[in-house]
Each structure stands twice: as C-alpha cells, then as structure tokens.
1. Any residue in the stretch 57-78 that's without any contact (Cβ under 8 Å) to a residue 40 or more places away in the chain and part of a loop (DSSP other than H, G, I, E, B): show its pairings with residues that are of a type in the set (F, W, Y) and exposed (fewer than 15 other Cβ atoms within 10 Å of the Cβ) at Cβ separation under 9 Å, as long as the two are six or more apart or on different chains.
2. Any idea how many residues of the stretch 121-145 are touching a Ser or Thr at 6+ places or on another chain (Cβ under 8 Å) and either surrounded by fewer than 15 Cβ atoms within 10 Å (Cβ to Cβ) or not aliphatic (A, V, I, L, M) (or both)?
3. Considering only the stretch 199-215, state which residues are touching a helix residue (DSSP H, G or I) at 6+ places or on another chain (Cβ under 7 Å) and more than 10 Å from the ligand (Cβ to nearest atom).
4. Return the residues of the stretch 167-200 that are within 17 Å of G149 (Cβ to Cβ) and either small (G, A, S) or over 34 Å from the mean Cα position of the chain (by Cα) (or both); say none if nothing qualifies.
5. Kindly indicate whether E637 is modelled with pLDDT under 95 and not in a loop (DSSP other than H, G, I, E, B).
6. Given the residues A133, A121, A129, A102, which is the only one that is in contact with a Leu (Cβ under 9 Å, 6 or more places away or on another chain) and within 15 Å of the ligand (Cβ to nearest atom)?
7. What are the residues in the stretch 307-328 that are touching a Lys or Arg at 6+ places or on another chain (Cβ under 9 Å) and either at pLDDT 95 or above or in a helix (DSSP H, G or I) (or both), if any?
8. Would you list the strands (runs of 3 or more DSSP E) that sit entirely within the stretch 1-44 and hold 2 or more residues that are over 19 Å from L376 (Cα atoms)?
Amino acid sequence: MTTYKRNPLEVVRAEGVRLYDPNGRDVIDFLAGVAVCAVGHSHPRYVAALTEQLQRVVHVSNLVYNAPSAKLAERLCTLSGMDRVFFTNSGAEANEAAIKLARKRGTSIAAGKTQIVSALASFHGRTIATVTAGGQPKYSEPFGPLPGGFVHVAFNDCDALSAAVNEHTAAIFLEPIQGEGGINVADDAYLAHARALADANNALLILDEVQTGVGRTGTLWGWENSGYKPDVMTLAKGLGGGFPIGACLACGDAARVFVPGDHGSTYAGNPMATTAALAVLDIIGTEGLLSNARIVGALLQERIAHLATEFPEWIGASRGRGLMLGVNVPNGQAREIVGAALSNGLLMNATSEHTLRMVPPLVLTESDVCDAMDRLRAALQQLSGTSISAIRGAVSSKIYVEPGFLAGRDLLGIDDFSAKECHQILALAKRVKAGEISNTATGKVGALLFEKPSLRTKVSFLGALAKLGASGMYLGKDEVGLGKRESVEDVGRVLTRMVDVLIVRTFDPVILKGLAESCTIPVINALDDAEHPCQAFADFLTMQEHLGDISGKTLTYIGDGNNVAASLMLLAPKLGVHFRIACPDGYLPEPGIWARASELAAEHGTKMERFSVPSEAAAGADAIYTDVWTSMGQEEELARRMAAFAGYTVTAEIMQHAAPGAIALHCLPAHRGDEISDEVMEGPWSRVFAQAENRLHAQQAILAAVL
Ligand code: PLP
C-alpha cells in the first residue's frame, strides 16, 4: 500500500554485516533491518538453531506448552531481574501490552489513574495506542479520533516531567535513547528523576527498550547504563535477530496484573521465534558482543569525528551509545548522504534531514568500520564535489586483485614491488582479512629459515600458510648451519627443489640475496639488517584501516633508523604518504636507503623530512611510530644507545602534538618506558595490537600473491 519509500537495493543474500544484490555487489549494512539483526546475517549458530527447530515444530499457540518459550521466559527474567514476561510479535504489541498492564493496575489502585506520560519526539510503534503514546504528531494526527489519556512532555526536562506526573498517572513511558526520534540519549539524572517520580506517585516506570535492548548500546539493556531499573520493560527488534518477536517484561506487583484472559496473541512466543531469541542471547553472551559493541562503537565515533574534520558542512558530532549512533548533519542533507552512501556500498538511514542513524549488527569488526567509513568518505567526496579519480587513496581502495598476481616473485625489499603492486598487496590483504582468500595454495609447502628469534613473524607466516591450505616448516638457526655446515648456494638449490616458497630471517642482506639467486621459488625477507618489508605492509594496512584514505597523510617515525624504519620510508612514498623521522645524529638508516627513499618521494610527490626534536616531527602527524632502540645483534651497544636516545620516548605529551585522531604504532616487542610510554601503549592512540594482528593478514596476502 505504498507506505514505504524504498532505497534502490534488492537484497538476495546476506552474511555477517554484508548484504548482496542480485549482481553480487556487497553493501555494508549499517541499518541491520532497522536495528534488528543483532548477530548479523546468516550467523551459523542462529541458522542451525532455527533449522533444527523448523524440523521439530513451528507453531502450537499459547493453549499448550512449548519448551523454547519457557526457556526464553526464564532466561530473559534471569538476565534482566524481571519476574514475568508476555511475548508478542513486535515492538508495538509489546508496548500495547505495557499500556494495558499499566492502565489495569492504575484503575485497580484508583478510578481515573490511567494517564500515560510520555516524551515528545518519542516513538513507540504504529498501532493506534502506540502512535498516540509516541510524541510525533505526524504519525498519529491523520488517524484520529485517538484514544485519550496520553500526556506528552519535553524529553530530558525534569521540571516538565514533575509538572505532568500526579496521582492520575498510571505510568511514565520513556525510551532510554530515543531511536526514531533521532538518537537522543536520556540523561542519567532524567531517568533518576523519572524513577523517583513514578515511585512517589505509585505509577509504573515503563522503559521502551525495543531499540536499545539486547545489546545495542553495549549493555544488555539500555537502562543498565544509568542503573535505574524500570517496572516494565518492552523488547523486540534485536531480540529475535530478524525473526519477529517482542516481549513485555515486568517485576514486582506489575508482574501480577494480568490474569488468564486479560491479554493474548495467537502467534506470540511460538517455538521458532523463541528459539531465534535464545540463539541471539547465546551468541551475544558467548561471542563477547556487548564489549564488542562498546569497543567498535567507540572506534566508529572516532572515525566519524575524523570525517567531521574533513567534511564539516556534511558531518557534525555523533551521539549515542555502543552501536546505536546518530550523526549530526549540519547542512540538513542527511537524505542525500544516505543516497550517495548506498551507491558507494553502505546502507544506513536518516531519521531527519539533520540526523544519520547508524545501527549496524553487533558483530561489526574494526575492519568493517574502516571499510564502511572509506565508503562514506567516497560518498562525501562525491557530494562535496571532489573528483574521486583525483584521489589516489580512493582509487587504491577500488583496486581489485586476485591471488597469484605476483606468482614467482621475490620480496627482499620494498623496492622489489612497484607502487601499483604495493597498493595491490594492501588491497589483497583487505580481501584476506574479510575472509575472501583462503586455500589458494592447497598442497604447497613453505619453509621458514630463521637465524634470529621471532614471535609475530614466525606465527604469522605459519598461520598464513595454513590458512592458504599450504603447510609450513620452521628451520631454526642450528638446524641448517647456513653458510657454515652448508653453503648458502647449496641450501638454496636444495630447498628450491623441495618447497614452494622460502621465508628467510637472517642478519646479512648478502646471504638473503645469495639464497634468492640460487632459488627459483619466491624468497621472502622476513627481516634482515637492512629491511623488514613484511612488517611495513602490515603497518600501512593498519594505517589504512584506522585513518581511512592515507594518501597525503603523514607518518612520523621516532627513534632508531633501523630496518623497520627503512622499509617504512621506502613504502611511504609509494603509497602517497609523507614520511618524517626524528632520530639522533648517526642513527638514520644507511645512506643508500635514505637516498632511494628521497628519490621515491620526489617521484611520488611526497615529503621526506628529518628532525632531531621529536615533538617537532610529531606536529600534525597522523601516525606516530616507534621501535626498540637496540635491535637484535646490537646488545653490546646498549649503554651508548640508551644515552643517545634519551628524550626520544613516544609519550602522551608527544601524541598531543600530533593531529586529532592520530594513532600510535609499534612493531613489538616493546620496551615500555624506553622508546614508548605505557600510557601511549595502552592509551586511546594505540593501534599496536591491531597492527600485530595485521602481520597475519599482510603475510597471507604476500604469500597468496607470490604463490
Ligand atoms: N518502540 C521503539 C523504541 C521503536 O524503535 C520501535 C520501532 O522502530 C517500536 C517501538 C515499534 O516496533 P515494531 O515496529 O516492531 O512494532
């Protein structure tokens, strides 16, 4: 009946946080079926639970018992501290139940104690009573005559609430965060006041948790953020994870208002719906989705703040909790943003011309956030008239590569790959991380020939080989006797006949080169004294994820100009990133590397700068990077190095000089208190562990490319 204006998207399949159209194009889902698909799409445990239930029994009615509904009632009461539950099929029906319950209770206390006090701009559903309770006349006015007994007050206004609540009040009816009204968060003091007023007037506090409930705000129930427990709580949306179900829960005397015959529903509480809700609660609990919503939600707000500095007319402040966010749109063109975002592969909605709403599934990951914000940035660039093709980063994010595109190639140093190939490696790493590249090297074998200790490099290469379906073997320092028991050339010639890729960690670049020359298989440098190229790819992947388009951004390296610094300064220009280094005299990377990096910078139009004062190098930088002052093999120089690097610690004070939203990186292992302070390692800037994880994805991409 044309009640919806639909977006130009047909969804034929969905998985996790991604929707797919009939052509296989993916769209990141920041709408989640209007804050419904809490555990994402096609979650295997959800699918399995419903499939099994479908084969047992679908519907029986409330005239007989079914176990899933009993289990769900018990689980919900345990988790919320409520006493009883009435199941419904939707949020509006849960609210209808709450209104009926409050009125029956009120009338039993005193005739005329039937008023429901709710807030302006609230939304409680589309039935005739719930549109009346809702504080948005556009939803109720055309449908009069409306039921009486509903009073509206300004939201978050304690005085207005005090003036409206009296002995005729049956219930105060509020959302902890107004959803459809534009993500307006109730102040803790306001909820405290509502709780106290309800108690003082023997009225109920009903909290409509249809949108905020079931983990959306980073706690199971929205009211947990303030701690003011309602007498009645309504749920729907996230509860079924996509299967229609609602619930009205009550405690205390409110739980005993309804008696048989008072209320009912044919479908409500049926075994399919309650099985779906049990699966959702299980998944949220066992997969840590509450803390995920808080952590990923904070990152999302951070990334929105970044966009706000880039596009101040279009993007303003964000608000909300967990993964229920509203974004202010200063120029009032929120609907235009929604349209442009969708054409760039991001689905969200606008609650008004001035507010974007983001309510993605709670399984959203940090890399999904980065991907989504890249798409939003592309949309904003289009809207604000920037030519997309002029922006290198945007072009690079559209690079599509297949495994094997560098088959047979070596990676001894960054300069083995062209700028385009470096962009392609990062694009492949993103596909790897999204789970799209696995088992592309089934049956192949990789050998790790390591003369130095390793945690990240060893585990990431062995893990990456396994994920590609290949197997890996580790050959430690004493096993081969490289160049001692057997010549480098002979080792290379033997291994090349037995394995498909050789991953080498040695001191001397000459040994590495010798191996590469005697092998016909790809040889990968897993760190030598000159470079650590695999690390650098993981680092720029991390920057792309956390800073979005990195072209034109500045990376500042503070500390020893070691092999990691060398690879970073060679890779930065190829990716359009400006590079700065702050180090004491005598600690720059060797002159050949510095000269080559400067040449690359000139070629790619980026800056290469050297500073001796760390705070000056940090000024306005987007990423601050450091590494140990004394690398493997330099231990005898420890005292001299400690003295030389005094004052080069990356501290919170140094981070204050960087650009807003700047990130701190360290390739680990770290000497906290020397090159980096604890405060930075653990502080809001730190992406150190995301960076460590990216070793795995970057290494898998490199292997997938060369194998
Ligand atoms: N209450 C709130 C807070 C809502 O956000 C909604 C839906 O958007 C409803 C009630 C109505 O839920 P339903 O559409 O399932 O009836």
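The values are calculated or read from the model by the stated rules, or taken from the named source; none is laboratory data. No experiment lies behind these values; they were computed from the predicted model shown. Counting neighbours? That spans all protein chains shown, and the Cβs are built from the backbone with ideal geometry, glycine included.
1. Matching pairs, first to second residue: none at all.
2. 7
3. N202, L204, L205, I206, V214, G215
4. E167, H168, T169, A170, A171, I172, A198 - these are the residues of the stretch 167-200 that are within 17 Å of G149 (Cβ to Cβ) and either small (G, A, S) or over 34 Å from the mean Cα position of the chain (by Cα) (or both).
5. So E637 fits the description; yes.
6. Every option except A129 fails the conditions.
7. Passing the criteria: L307, E310, G320, R321, G322, L323, M324, L325, G326, V327, N328.
8. In the stretch 1-44, 13-15 are the strands (runs of 3 or more DSSP E) which contain 2 or more residues that are over 19 Å from L376 (Cα atoms).
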